[in-house]
Ligand code: GDP
Ligand code: GDP
């Protein structure tokens, strides 16, 4: 779980350029989970040993010069609600614009740390020009940077990570799974949670003053002990209208980060939409367990093939990671809602399991013998030993004489072998090749 930094600002000031610089170095590591396409607007970054999530809020709105002021306001309001720290980017070339003023007016009242970032300060001469932006009245420090060449970003990040609020962890008991129900607006998340817990979450009162603003409520229902992660974003529905698609993704970020297993809910009547896939990928990228809930199944006209067809459609959309349980359910009629819970618990167990090294070697070395990695440059590649690493999410290291020669298809073969022989359903796993 990490802090969240949101980048706000009007179009063309250089937000996405700066965002790319922030997440670039981390991307290689984060994308170890094979085939997960990267989100252009959400990524992980690391500075001074602190990992954090970065959201380019601008990337989710129409990026044109005549973008409505209302749109920017929503973008900023959401960043304020969801992020721990806000970076407000302005452009030294363009000077102060009306939109910059409008954003400043909102940010001046915010209690979270706000950093005024003056971008496109590519040379020393422009450092002077940057001072113009003190007129925005956002405190006594601004940060001239060049997102393009990187200058100034180190000083900025030093201060940003120092400003992270302490993550106030609620006391959660180890070994009890934490579930988050995520999905686009109106898919039926609240209905499902209400049906499951018998508590109307809309009347749950806010707990004031917690920095994380995420609440883990513990339940003991139907023979299972679990936490449901609830975030401010999920509770305060009306505050920002959720008609713009990206809000559902942004709102999901914190809930996903808090959870062990994400119950990604989609609406059967709408099929699988791009936004559903984004949320699914967000869970994978955070290496969380996943269960797919196809809700409102009661509204579907069904025949003997419906489940099979729907499953195939889902697999096409979420490939290559298709080893995910799918539950066809109805929050309204309560059909299979307990099954959903049960499967979520199973995925948690799959995610927590440690495979014995001896068993792992027995199975995988046999698989390697059957299909050895292809020789490269006249050299044989020998895999000698396999072990599951002591990491919080399932990771496997295969020790080889020439690990650098092993290509992605072979890595996928190994991952498939692991999945075939052990139950990692719903769990992203990582496979590394190391030198021995
Ligand atoms: P966004 O709309 O705020 O995400 O802005 P972009 O990142 O797409 O950048 C808008 C334009 O500004 C592009 O043409 C970038 O190449 C340019 N740009 C971004 N950062 C810098 C910078 O640090 N210096 C200069 N000179 N140009 C930049
Ligand atoms: P949320 O925004 O994801 O929390 O969605 P809600 O729980 O507020 O549900 C949105 C709408 O869908 C409401 O009108 C619900 O009554 C309806 N709904 C939720 N689940 C089901 C379901 O399984 N079947 C049917 N027919 N309607 C549902």
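The values are calculated or read from the model by the stated rules, or taken from the named source; none is laboratory data. Quantities reported herein were computed from a predicted structural model and do not represent experimental measurements. Glycine also receives a Cβ, built like all others from the backbone with ideal geometry; neighbour counts cover every protein chain displayed.
The strands (runs of 3 or more DSSP E) located wholly in the stretch 246-343 include none with 1 or more residues which are under 22 Å from the mean Cα position of the chain (by Cα) and assigned by the TED database to the domain that holds residue 78. Being over 16 Å from the mean Cα position of the chain (by Cα) and modelled with pLDDT of 85 or more is true of residue 18. Just one residue in the set 425, 358, 391 is surrounded by 16 or more Cβ atoms within 10 Å (Cβ to Cβ) and either free of Cβ contacts under 8 Å to residues at least 40 places away in the same chain or within 29 Å of residue 177 (Cβ to Cβ) (or both); that residue is 425. The residue that is farthest from ligand 1 (Cβ to nearest atom), counting only those in the stretch 21-47 that are at pLDDT 90 or above and within 29 Å of residue 396 (Cα to Cα), is 47.
Conditions (1) modelled with pLDDT of 90 or more; (2) surrounded by fewer than 22 Cβ atoms within 10 Å (Cβ to Cβ); (3) assigned by the TED database to the domain that holds residue 8, marked per residue:
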position	(1), (2), (3)
69	no, yes, yes
86	yes, no, yes
96	yes, yes, yes
101	yes, yes, yes
119	yes, no, yes
122	yes, yes, yes
125	no, yes, yes
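Table: residues versus (1) under 18 Å from residue 158 (Cβ atoms); (2) under 31 Å from the mean Cα position of the chain (by Cα); (3) in a loop (DSSP other than H, G, I, E, B).
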position	(1), (2), (3)
95	no, no, yes
100	no, yes, no
103	no, yes, no
110	no, yes, yes
115	yes, yes, no
126	no, no, no
134	no, no, no
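How many residues, within the stretch 127-152, are more than 16 Å from residue 5 (Cβ to Cβ), in contact (Cβ under 8 Å) with a residue 60 or more places away in the chain and surrounded by 14 or more Cβ atoms within 10 Å (Cβ to Cβ)? Residues that pass the stated criteria total 1. Within the stretch 163-179, can one find any residue that is within 16 Å of ligand 2 (Cβ to nearest atom), in a strand (DSSP E or B) and touching a helix residue (DSSP H, G or I) at 6+ places or on another chain (Cβ under 8 Å)? Yes. Annotation: of all residues in the stretch 281-316 being under 27 Å from residue 418 (Cα atoms), in contact (Cβ under 8 Å) with a residue 12 or more places away in the chain and surrounded by fewer than 16 Cβ atoms within 10 Å (Cβ to Cβ), the one that is nearest to ligand 1 (Cβ to nearest atom) is 313. Taking the criterion of being modelled with pLDDT under 95 and more than 17 Å from residue 8 (Cβ to Cβ), the residues of the stretch 136-150 that qualify are 140, 141, 148, 149, 150. Could you say whether any residue in the stretch 285-301 is modelled with pLDDT under 90 and in contact with a helix residue (DSSP H, G or I) (Cβ under 8 Å, 6 or more places away or on another chain)? Within the stretch 285-301, one or more residues are modelled with pLDDT under 90 and in contact with a helix residue (DSSP H, G or I) (Cβ under 8 Å, 6 or more places away or on another chain).
Might you let me know whether the stretch 153-175 holds any residue that is within 16 Å of ligand 1 (Cβ to nearest atom) and surrounded by fewer than 14 Cβ atoms within 10 Å (Cβ to Cβ)? Among the residues of the stretch 153-175, at least one is within 16 Å of ligand 1 (Cβ to nearest atom) and surrounded by fewer than 14 Cβ atoms within 10 Å (Cβ to Cβ), which makes the answer yes.
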